[in-house]
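Colleague: Below you'll find the structure I mean.
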Amino acid sequence: MPRTPEIVTIPCRADNYAFLVHDPASGHVVLIDAPEAAPITAELDARGWRLADILVTHHHDDHVAGLPGLRAGARVIGAAADAHRLPPLDLAVRPGDTIACGPFGVQVIGAPGHTLGHVAYHIPQAGAVFTGDSLMSLGCGRLFEGTAADMADTLARLAALPPETLVCSGHEYTLGNARFALDVDPDNVALKARAVRAQAQRDAGAPTVPVALSEELATNPFLRTDDARIRAALGLADAPPVAVLAELRARKDRF
């Protein structure tokens with residue numbers, strides 16, 4: 001029986017995360033995003049792992065700055081649409097592609113909104129999706145380039161994955177996002193419990209991601225734009241879901 005792939009969450013910079021996915025049978029190691037090289041190299045060295053593939057979600061510096069110190073001997077993979085503003089790619093991919101990274105079949109999901117060329121990577125064998133700054137723990141990324149409609153479509157695609165999928169997002173934003181979520185959804189019992197757990201995790205120095213998609217579906221207001229309580233809190237009882245998302249994002253920007 002093949003052993004289950006390992007996922008390692010690596011804190012980087014002030015609040016970023018990088019992720020390693022390791023296949024114990026083959027030793028193949030995939031890195032998702034490279035905020036800075038030193039902590040990633042330290043984790044690889046401590047485990048005796050060698051990096052084979054680097055998947056990049058989007059072009060922002062806090063997701064690619066570590067690439068020069070990590071790419072030797074590894075294949076760098078990113079969105080063809082953003083190839084002009086990403087570090088040099090060894091493989092340019094498009095939404096809908098499935099690529100082989102050692103034993104892993106990696107599904108490329110279009111995830112515009114935060115940036116136009118943003119992609120997410122679903123690795124079914126690991127039971128995980130790596131969402132960068134699109135779907136985030138209890139939130140979603142700021143709309144720097146895309147529209148609310150872009151982000152709504154992105155979140156719908158990600159929400160359609162199996163509910164047990166682990167969401168591996170690119171920042172430690174859970175506590176701040178929880179405060180906002182409770183402001184617009186104060187009677188959500190699951191959300192209250194999750195906020196308490198997240199505080200305990202951070203108090204213990206532990207990351208709050210990954211998190212199961214099922215938890216996001218129950219507690220993340222950006223995935224619950226059809227919820228009557230959230231709509232009422234926003235004064236948008238009869239608005240289309242994209243208008244609810246736009247208002248949520250605007251309020252979160254000011255929160």
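Colleague: How big is the charge dipole of segment 172-229 about its Cα centre, in debye rounded to the nearest 20, if each Lys and Arg gets +1 on its Cβ and each Asp and Glu gets -1 on its Cβ? Don't skip to the end; give the middle numbers.
Modeller: On the way: 7 positive and 9 negative charges, 33 e Å.
Computed about the Cα centre, the dipole is about 160 debye.
Colleague: Give the calculated FRET efficiency between Arg197 and Val242 to the nearest 0.05, with a Förster radius of 25 Å applied to their Cβ-Cβ distance.
Modeller: 0.25
Colleague: Something else about it: What is the gain in length, in nm to one decimal, between Thr147 and Asp61 on full extension, counting 0.36 nm per residue of separation less the C-alpha to C-alpha distance?
Modeller: Net length gain for the segment: 28.8 nm.
Colleague: Quick one: putting +1 on the C-beta of Lys and Arg, -1 on the C-beta of Asp and Glu, what dipole do you get for the chain around its Cα centre, in Debye to the nearest 20? Write out the running numbers ahead of the final one.
Modeller: Values: 22 positive and 30 negative charges, 38 e Å.
About 180 debye.
Colleague: Can you give the angle from 0 to 90° between the axis of helix 174-184 and the longest principal axis of the chain, with both taken from C-alpha atoms, to the nearest 10?
Modeller: 20 degrees
Colleague: How big is segment 76-162 by Rg and Dmax over its Cα atoms, in Å?
Modeller: Expressed in Å, the Cα Rg and Dmax of segment 76-162 come to 12.6, 36.
Colleague: Report the chymotrypsin sites (Phe, Trp or Tyr not before Pro) located in segment 89-185 that are in a DSSP loop and have at most 13 other Cβ atoms inside 10 Å of their Cβ, or state none.
Modeller: Passing both the DSSP loop test and the Cβ count: Phe144.
Colleague: If you stretched the chain out fully between Arg229 and Ala156, how much longer would it get, using 0.36 nm times the residue separation minus the C-alpha to C-alpha distance?
Modeller: This chain segment gains 24.3 nm when fully extended.
Colleague: Right, here's the next one. Can you work out ³J(HN,Hα) from phi for every residue in segment 106-116, in order, using Karplus 6.51 cos²θ - 1.76 cosθ + 1.60 and θ = phi - 60°, giving whole Hz and x for Gly and Pro?
Modeller: Per residue, the Karplus-derived 3J(HN,Hα) values read 9, 8, 8, 10, x, 9, x, x, 4, 10, 6 Hz.
Colleague: Above 23 Å lies some portion of the pair distances; for segment 1-82, what is it as a whole percent of all C-alpha pairs?
Modeller: Of all Cα-Cα distances in segment 1-82, 17 percent exceed 23 Å.
Colleague: Moving on. From the C-alpha gyration tensor of the chain, pull out the three semi-axes of the equivalent ellipsoid (sqrt of 5λ each), sorted largest to smallest, in whole Å. If you can, show how the numbers build up before the last one.
Modeller: Numbers: eigenvalues 186, 78, 53 Å².
Ellipsoid half-lengths, sorted descending, are 31, 20, 16 Å.
Colleague: Hey, what D do you get for segment 158-251 in µm²/s if you plug the Kirkwood alpha-carbon radius into Stokes-Einstein at 10 °C and 1.306 mPa s?
Modeller: 115 µm²/s
Rule-based calculations on the coordinates, nothing more; no lab input. From a predicted model like this one, the values you see are computed outputs, not experimental measurements. Reconstructed Cβ throughout: ideal geometry from the backbone, glycine too, with neighbour counts over all protein chains shown.
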